[in-house]
Amino acid sequence: MSDIAAELARVAGAFAQPTLTLLHQRQAPVVIALFRASFDRTNRPIPTARLHTQVEEHLARLRRDGAADLPAGSGRELCQRWMRGQWLVRSLDDAGHEVYALTSHAQQALELVKGLARDRATLSEHRIATILGTVRRFNAEANPDRGTRVGILNAEIARLQAERDRLVDGGELVGATEDYMVEGFTELLSLVSALPSDFARVEERFAAIRADILAAFRGEDRPAGEVIDAYLARADALMTATHEGRAFEGAFALLRDDALVGQLREDLAALLEHPLADGVLSDADRAELRGTVRLVREGLDRVLAQRSRVTATLKDYIVSHDAVRDRELERTLRQVESELMAWMAVTGPRATHDVPLLPPRIGVEHLRERFHDPADDVPPERLAAIEPEDVSGPSLAELKAQGGPRLDVLRRRLAAARGTSGAATLGALFAGLEPELRRPVEILGLLHLAAEGREDLPDGSTASDDRDAAEAADAAAHEVFSAVRPDGTRRDFAVPRTPLPVPAEEATR
């Protein structure tokens, strides 16, 4: 392979990383803006339902503001899409709730965009001095020649001693320029901003180890002891053979040294109180530098929590899983052996018995959701005995007077009226009834019976053609029904004139 082909392969591998796939997509500005608006710089996990709602609200505001090229879908669908892109990870918090967090790839993309959004630092004395000092210190700590190391240290001690003596003798105190402070704070912020992604990378390594351990336990293709040995070897290699692991161990050693932590706080406080710091740093930059120690502590806590989850997985498997399952399997095999011996005692040497490979499934159409409750069968309390003389209320006659029409009595009177020529209409019939049958409700009863008699006639007709013509001529006429209420008062009702229905045998003549 030529040099250019090898270089192309390396570049293609870099572009295949989730960090560059996030930045290379068409909607990358919107996705980065959503991540920066939802997650803080410590990458504190967010509950899944809350992040779904936040994403939908941010997209709705962008649409109202006229933003174009926005991703389509609900908040849940977008988060699942980002998980497939390895920019979001979903896990369980200490309370057992599902939460989202940014992966190290997404945090690295955020820091890259954040660095590009800042004013680019130009070549300056501070940068050159930083490079020279870093190279000098690196050489002093890594040079294999003893004499060279001693010479470098002596030169540094002499330089520092001369500077100390000059300041003690009242020499001029040279102050830092504004450009020098800008360069220094820019480099410091870039170093601090890279910490969350570094911790997330170590956390993801432990999460991958935990997933591999669970897969090995479920597969049962290797003994448990071999799986545990492999975990211990990988955990040790992660802390010693990788850049992220060594950075984690260094940060952990730093936090164990109270003097170094105190010195870091004092140095940061002195830099933030510098007279030129107000014109260089924004409020967000000040908050970021002031929370450096807290940022490191939170990152360490998340990594340690992830490592504890791996340890807990091993512990659960060793303490409960193997022992319980082995005991259940052993008990089942003993029961099978006992039943087999009992069957062989009563059968011949060539007897066979078909045994299904798997037990049959039980078909249950419906499972009872409620069961018998003795409290449901308790009889109601007995009613209190009441003496007849204590009963107060309306009599039977009063109840009948307040009831509906007496259809049976009215049907007999209507049939009797059909056989005579005394009444030709319902109004005339109603006027001849006794007062207890002339209630207002009896008018409705008569109209109902008249309608029944008309329906009984053949072909839906009510009389002969001459009678129909007479009814059509008098259709607009009304007659007065003088009703008597149960209390004796009278009330007149204007009812359309309705002739008495003709019996069926007379209508068919």
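Values as computed for the structure displayed
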item	result
Filtered residue count, the stretch 261-273, keeping only those that are surrounded by 12 or more Cβ atoms within 10 Å (Cβ to Cβ) and either over 20 Å from Asp283 (Cα atoms) or aliphatic (A, V, I, L, M) (or both)	5
Test: residue in the stretch 87-96 that is hydrophobic (A, V, I, L, M, F, W, C), surrounded by fewer than 16 Cβ atoms within 10 Å (Cβ to Cβ) and within 25 Å of Ala207 (Cα to Cα)	yes
Of all residues making up the stretch 19-55, the number that are charged (D, E, K, R), touching a residue at least 60 places away in the same chain (Cβ under 8 Å) and in a helix (DSSP H, G or I)	1
Residue list for the stretch 396-414, restricted to those being surrounded by 14 or more Cβ atoms within 10 Å (Cβ to Cβ) and either in contact with a strand residue (DSSP E or B) (Cβ under 7 Å, 6 or more places away or on another chain) or in a helix (DSSP H, G or I) (or both)	Ala401, Leu407, Val409, Leu410, Arg411, Arg413, Leu414
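Read-outs: derived from the displayed coordinates by stated rules, not from any lab. Predicted, not measured: the structure shown is a model, and the values here were computed from it. Note: ideal-geometry Cβ built from the backbone for every residue, glycine included; neighbour counts use all protein chains shown.
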